[in-house]
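Have a look at the structure below, then the notes.
The values are calculated or read from the model by the stated rules, or taken from the named source; none is laboratory data. As the structure is a prediction and not an experimental result, all values here were calculated from the model. Cβ sites come from the backbone with ideal geometry, for glycine too, and all protein chains shown count toward neighbours. These area figures cover heavy atoms from the full protein model, side chains too; ligands, DNA and RNA do not enter into them. Shrake-Rupley method; radii C 1.70, N 1.55, O 1.52, S 1.80 Å.
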Amino acid sequence: MTNKSTEDRTSQSSGPTQPRRGQGAWLIATVLLASIGLMFYFANSNVSQIDYGFFQEQLEKENLQSVTVYQSYIQGQFAVPPDRPATFDSEGNLKEATGEKKKLYRDFACFIPADSSSRANLLQQINKLREKSQAEGRPFELIVAPESPMNIGTLVSLALLVATAFVIYMFFRRSRDGMMGGGFLSSFTRSTAKRFEPSDQNVTFDDVAGLEGVKADLQEIVDFLKAPEKFQKLGGRVPKGVLLNGPPGTGKTLLARAIAGEAGVAFFSVNGSEFIQMFVGVGASRVRDLFATAKEQSPAIVFIDEIDAVGRQRGAGLGGGHDEREQTLNQILGEMDGFAPNDSVIIMAATNRPDVLDPALLRPGRFDRHITVGRPTLKGREAIFKVHVRDVPLDKDVDLHTLAEATVGLTGADIRNVVNEAALWAARHDKTRVGMDDFDHARDKVLMGAKREEVMQPSEKEKTAYHEAGHTLAAWFLPGAQRVHKVTVIPRGMSLGSTQIIPAEDRMNMAENEIRDQLVVLLAGRAAEKIIYDETSVGAENDLERATSLARRMISHWGMSQKLGPVSYKLSDSDPFLGREMHQQRQFSERTQETIDAEIGDTLRAADRRATDVLHQHREELERLKDALMEREELDEKELTQLIGPSVHAKKAGPVETTVEV
């Protein structure tokens, strides 16, 4: 696609430019301004313009300190600035001798008569003065140059004056068209949206993998743009607005470009933040310009990315809203209502924060259709891998299905990053093809972070090994936990060690026993430290935060408490706007809040006791796993199976042939 600014519409839609009155007047004014400036400069120049006779008089008096002789011009300095009669003509010749005297500047300039003999005689006289001055020890400088000069300061001043005059002329020439309609501020108030026109490099639905359900919903938009009469003859109307919402990196912007490529219509793309400026009213002007351009080029698609930047709820939070943002949002609402039924212009928007959008923006008649673009499933991830490895030479051992199984929860952008990191890693090791080990390295780097250079002390490394072994054993033997893919004590990202736990399948729901087993896994690292060292360390901070958050949701959101029963005690602190909770009353008493806190504490203490019991039951495996981590630093699922036997998750999937090292 070739992007093109919306400013091009002026040259496309308007006729030939008509001559405008006043252009000559402005040009004359500019020239006069420059002339006045030059006159002012020369009038205030610190150089005395003298006639040749006066110069000869000063030469005879030996009142010269330096002389530069050009072809027809002389410049120099007097030893002592002399006086001269006050009345001279334009060429510096004496017109009338009076009694008044005027002190000259130290620097002087005069013209040499056209007679060539005059210049030769002049040089002889000046040479005699130079020789005499040198003999007497007085400073004197003589320079002979071939051409008449123009003073550098004069040139610089002239250039500045001409540039200033040109700027003033251009200002008035552009401002005559009006400040808002093509004048000086036209580019400031005009929409900054980029226009993408159909070309040989279109993005189509074939380039969007893993979102088959979403593409089916959007295919109707494409069909309407291609053949609107098919829907209009039955009284159908296409949705005015389509809102794509979902986590970052799931392909919302790519879907919008694919729709434009499939339909073959004009596509205008703009970011929501581009409407917001420091001057109130500029955003609304840009909205008007964007919608007017889209109507002129219909059928067209207008895509507003990150619409939450401009579409936030009005009057929300502490201190009200932002005037510029609210005026811009009001203009968007008005423009969407102003579309006639036969306007073949569709507004698409994308956001990962639909909860902060204004309700008036989401109602039917504006954004009629809301499409959730979620994380891809197993089949979708495999399709996304196929798209991104088109130009990557793969080794024979690469299994895209296995890679898709090991990347549960990753978005399309994450998968693209994994493929790119694998290619870079292979190139760094001078490989001709990207192998499965390169993809494993790339996945670990994306999920756990890059390896850090620092080396841990043996005592810290041992404590980290026990901690990660505790997580691994709890996840290995509890049926409600998720499958362990890899465990390492190599510092990565912000952690000293990590246990990579990946779901064996895509899950949409979880039971209470599975959540309680996950709490045990989170607290098992801390429990291992308590068993071995009879104390805990700060390394369990993130585990405690995640476990507390999960337990709070169990009690207050999901009704998983025998004391509180099936009641939701969701707090208002989830509101994204600061200050809104001030006027919202809590729907339960202080006593109930105390009960909630007590239940959260009881749930976490029970999980901690279970974690301790599990590790006591598998104390031998704990030591074996710790020793292996101290020696090898990183263990994958196959190596773990050889060390401590098959996990309960492998047993569910069927018998696994293992070799246990004793």
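Some notes on this structure:
- Close pairs (6 angstrom Cβ cut-off, 6 or more residues apart or separate chains): over 16 Å from residue 441 (Cβ atoms) and open to solvent by less than 50 Å² (accessible area, probe 1.4 Å) in region 628-652, of a type in the set (Asp, Glu) and in a helix (DSSP H, G or I) anywhere: 644/621
- Residue 485 at pLDDT below 90 and under 28 Å from residue 415 (Cβ atoms): yes
- Candidate set: region 239-279, residues that are polar (S, T, N, Q) and surrounded by fewer than 21 Cβ atoms within 10 Å (Cβ to Cβ); chosen: the one nearest to residue 290 (Cα to Cα): 269
- In the set 94, 122, 104, 158, only one residue is at pLDDT below 85, under 60 Å from the mean Cα position of the chain (by Cα) and surrounded by 10 or more Cβ atoms within 10 Å (Cβ to Cβ); that residue is 158.
- A search for C-beta distances below 8 Å between a residue of region 290-305 that is free of Cβ contacts under 8 Å to residues at least 12 places away in the same chain and within 18 Å of residue 238 (Cα to Cα) and any residue that is surrounded by 17 or more Cβ atoms within 10 Å (Cβ to Cβ) and polar (S, T, N, Q), counting only pairs 6+ apart in sequence or on different chains, returns nothing.
- Test result for residue 281, at pLDDT below 80, at positive phi and out of contact with any helix residue (DSSP H, G or I) (no Cβ under 7 Å at 6 or more places or on another chain): no
- Each residue in region 291-311 was checked for being within 15 Å of residue 256 (Cβ to Cβ) and open to solvent by less than 10 Å² (accessible area, probe 1.4 Å), and 7 of them qualify.
- Residues considered: 236, 213. Of these, the only one that is of a type in the set (Gly, Ala, Ser), assigned to a helix (DSSP H, G or I), surrounded by fewer than 21 Cβ atoms within 10 Å (Cβ to Cβ) and more than 29 Å from the chain's Cα centre (by Cα) is 213.
- Being open to solvent by 10 Å² or more (accessible area, probe 1.4 Å) and at pLDDT 80 or above holds for only one residue in 342, 352, and it is 352.
- Listing of helices (runs of 4 or more DSSP H) fully contained in region 365-483 that carry 2 or more residues being free of Cβ contacts under 8 Å to residues at least 40 places away in the same chain, touching a strand residue (DSSP E or B) at 6+ places or on another chain (Cβ under 6 Å) and surrounded by 19 or more Cβ atoms within 10 Å (Cβ to Cβ): 412-428
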